[in-house]
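Following: one structure in structure tokens, then a few remarks.
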Amino acid sequence: MNELLVTCTGVVKRYGNKPALSGVNLELGRGRIVGLLGPNGSGKTTLIKILCGLLQPTEGAVLIDGQTVGPYTKSVISYLPDRMYFADWMKATDLFDLFADFYKDFDKARAMSMCASLGVTPSDKLKTMSKGTKEKVQLVLVMARKAQLYLLDEPIAGVDPAARDFILGTILTNYNEAGTVLISTHLISDVERVLDEAIFLKDGQITLHDTVDNIREREGKSVDGLFREIFRARNYEGGAF
Amino acid sequence: MFGKLLKYDFRSMFKQFAFIWPAALVLALVNHFTMSAMTTVNGDGILGTSTAGTTTAGIAMLVYVAILLAMFITAVVFTIQRFYKGVLGDEGYLMHTLPVRPWQLIGSKLLCAVVTTFLSVVVAVLSILVIMPWSWRDINAVFRAFGYLFSHWNMETTQAMWGLLELLLLMLVSFATGFLQLYVSMSIGHLFSKNRVALSVVAFIVINALMVALMNAVLPWMEHVIVSVFAETSGMWPYHRAVWTIIGVDFIIAAVYFAGTEYILRRKLNLE
């Protein structure tokens with residue numbers, strides 16, 4: 001087992017001529033909860049998609065547990081995308097069977113008990129479920145795995161504040177503590193209390209990566225406060241007001 | 001892992017065709033009876049037709065033809081949709097993060113599509129046999145004929161069987177080539193950020209035009225090969241050579257389409 005779980009070296013991603021990531025260098029250890037923080041369009045989703053193999057970087061290298069992205073790294077990553085990714089005709093239990101088939105670390109019994117506590121009936125067809133219930137099913141699929149790396153892309157973006165706490169609670173009580181959770185979000189105040197580390201992504205570059213304790217100590221303010229300061233400052237730089 | 005992918009692809013296929021395949025066969029059976037009811041025998045033993053019987057038979061035949069058409073349209077739509085939605089659409093977020101390689105995703109979808117189309121052909125052929133006027137005596141005769149064939153097996157029967165199997169293989173390879181052309185066209189269309197469906201259609205048309213041009217270029221050569229083979233030998237060999245040449249050419253084209261699709265999924269994947 002490699003000591004570093006994630007290593008990105010000089011990762012660049014361009015869509016045509018438009019850069020989405022411009023030289024990302026990142027190292028993540030194990031057993032951490034890390035916030036990937038940045039405003040919309042800063043490259044959070046692009047970075048996560050590269051880590052889970054949905055995108056190929058234009059330049060640079062990515063290693064997960066010492067391996068290049070491929071079937072092995074996919075088997076140790078549990079990814080929550082920012083959209084629904086299953087066929088409607090299936091039932092939640094069909095998806096549990098699929099996950100149990102493909103991922104050795106998927107715990108079906110735990111998935112069923114998570115459904116019970118989240119108020120989801122797993123024998124219902126997904127077609128008949130509300131959007132919120134489908135999101136819960138997707139969260140159950142991702143968190144019922146004992147993965148090494150959880151990549152959660154905006155897990156709390158579309159829900160009300162009460163549901164945010166509920167989702168974060170589900171993540172915290174279910175993740176594999178030997179693994180690392182990377183949560184991308186722009187709703188920092190909601191996640192700050194659970195984070196060990198924070199990464200600030202700005203215009204496709206990492207401008208800050210440190211432990212939350214260090215940030216608070218050094219800056220004398222919360223991560224949320226620092227984030228607002230950094231990203232608000234940019235808006236006023238032009239002097240348009 | 002490939003076996004597991006196949007399991008889920010086949011499951012979604014059977015879900016789609018669970019109604020239409022049995023329906024085609026049942027309608028064929030209905031047609032079998034309405035057709036025989038159409039002809040009546042009068043008191044003098046002369047054959048005639050009844051108007052009511054003809055109308056019923058006509059309607060039953062219309063429904064049967066409609067369901068057969070629907071079956072083949074469903075097969076093509078199913079093939080396109082399982083790849084477009086399942087690999088390049090939102091479901092792709094799940095499929096491409098499973099611990100499998102892109103060629104396995106394509107292979108599983110392709111095998112499932114070929115089997116689906118083949119089974120649809122089998123259902124169509126069976127349904128035509130069901131419609132035809134037969135009696136139990138006819139079926140008995142067919143079995144006896146097969147029995148005779150197997151008990152008097154010789155070199156020629158072997159050759160004929162090989163010939164049939166080759167035709168079957170040719171049919172499967174052509175299905176695969178056609179589907180892979182669809183896959184590679186959709187993959188090319190997905191490289192663009194806008195109008196992906198329209199550009200997939202454009203890619204399909206362009207590839208088709210290129211293939212026609214290529215075929216026109218190699219046709220004289222192929223004709224030459226086949227004609228010279230016919231001139232040289234006799235018996236079944238010219239036939240075998242001709243069929244295998246076409247299978248070979250089809251297979252090469254299929255391999256190029258497969259490699260192109262695999263390259264795009266592996267290196268250029270860009271889901272919406």
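The values are calculated or read from the model by the stated rules, or taken from the named source; none is laboratory data. No experiment lies behind these values; they were computed from the predicted model shown. Cβ sites come from the backbone with ideal geometry, for glycine too, and all protein chains shown count toward neighbours.
I'm checking my understanding of the structure. Among residues of segment B:87-113 that are hydroxyl-bearing (Ser, Thr, Tyr) and part of a helix (DSSP H, G or I), which one is nearest to A:LEU152 (Cα to Cα)?
Going through segment B:87-113, the residues hydroxyl-bearing (Ser, Thr, Tyr) turn out to be B:93, B:97, B:108.
Checking which are part of a helix (DSSP H, G or I) leaves us with B:93, B:108.
Numbers: B:TYR93: 13, B:SER108: 28 Å.
It comes out as B:TYR93.
From A:ALA92, A:ALA147, grab the single residue that is in contact (Cβ under 8 Å) with a residue 40 or more places away in the chain and in contact with a Cys (Cβ under 8 Å, 6 or more places away or on another chain).
Numbers: A:ALA147 fails: in contact with a Cys (Cβ under 8 Å, 6 or more places away or on another chain).
So the residue among A:ALA92, A:ALA147 that is in contact (Cβ under 8 Å) with a residue 40 or more places away in the chain and in contact with a Cys (Cβ under 8 Å, 6 or more places away or on another chain) is A:ALA92.
Could you count how many residues in segment A:160-185 are out of contact with any strand residue (DSSP E or B) (no Cβ under 7 Å at 6 or more places or on another chain) and of a type outside the set (A, V, I, L, M)?
Within segment A:160-185, the first condition is being out of contact with any strand residue (DSSP E or B) (no Cβ under 7 Å at 6 or more places or on another chain), and the residues that meet it are A:160-170, A:172-174, A:176-178.
Next, only the ones that are of a type outside the set (A, V, I, L, M) stay: A:160-161, A:164-166, A:169-170, A:173-174, A:176-177.
Of the residues in segment A:160-185, 11 are out of contact with any strand residue (DSSP E or B) (no Cβ under 7 Å at 6 or more places or on another chain) and of a type outside the set (A, V, I, L, M).
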* Report yes if A:GLU192 is charged (D, E, K, R), part of a loop (DSSP other than H, G, I, E, B) and either surrounded by fewer than 21 Cβ atoms within 10 Å (Cβ to Cβ) or over 16 Å from the mean Cα position of the chain (by Cα) (or both), otherwise no. => no
* Spot the failing condition for B:ARG196; the list is (1) surrounded by 12 or more Cβ atoms within 10 Å (Cβ to Cβ); (2) of a type in the set (Lys, Arg); (3) out of contact with any His (no Cβ under 6 Å at 6 or more places or on another chain), and only one is missed. => (3)
* Pairs, please: C-beta under 8 Å, at least 6 apart or cross-chain, first residue over 22 Å from A:VAL212 (Cβ atoms) and within 11 Å of another protein chain (Cβ to nearest Cβ) and in segment A:37-58, second surrounded by 24 or more Cβ atoms within 10 Å (Cβ to Cβ) and among the charged types (D, E, K, R)? -> A:LEU55/A:LYS49
* Asked: Restricting to segment B:114-141, what's the tally of residues that are under 13 Å from B:ALA28 (Cα atoms) and part of a helix (DSSP H, G or I)?
  -> 9
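Answer yes or no as to whether A:LYS18 is in contact with a Leu (Cβ under 7 Å, 6 or more places away or on another chain) and within 14 Å of chain B (Cβ to nearest Cβ). Give the derivation first.
Values: in contact with a Leu (Cβ under 7 Å, 6 or more places away or on another chain): no; within 14 Å of chain B (Cβ to nearest Cβ): yes.
No, not satisfied.
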* To do: Would you check if there is a residue in segment B:109-123 being in contact with a Leu (Cβ under 6 Å, 6 or more places away or on another chain), closer than 30 Å to A:ALA147 by Cβ and of a type outside the set (Val, Ile, Thr)?
  => no
* Asked: So, of the residues in segment A:81-91 that are more than 7 Å from chain B (Cβ to nearest Cβ) and touching a Lys or Arg at 6+ places or on another chain (Cβ under 9 Å), which turns out to be modelled with the lowest pLDDT?
  -> A:ASP88
* Structure fact -> Filtering segment B:142-153 for residues that are outside any helix (DSSP H, G or I) and either loosely packed, with under 10 Cβ neighbours inside 10 Å or touching a helix residue (DSSP H, G or I) at 6+ places or on another chain (Cβ under 8 Å) (or both) leaves a count of 1
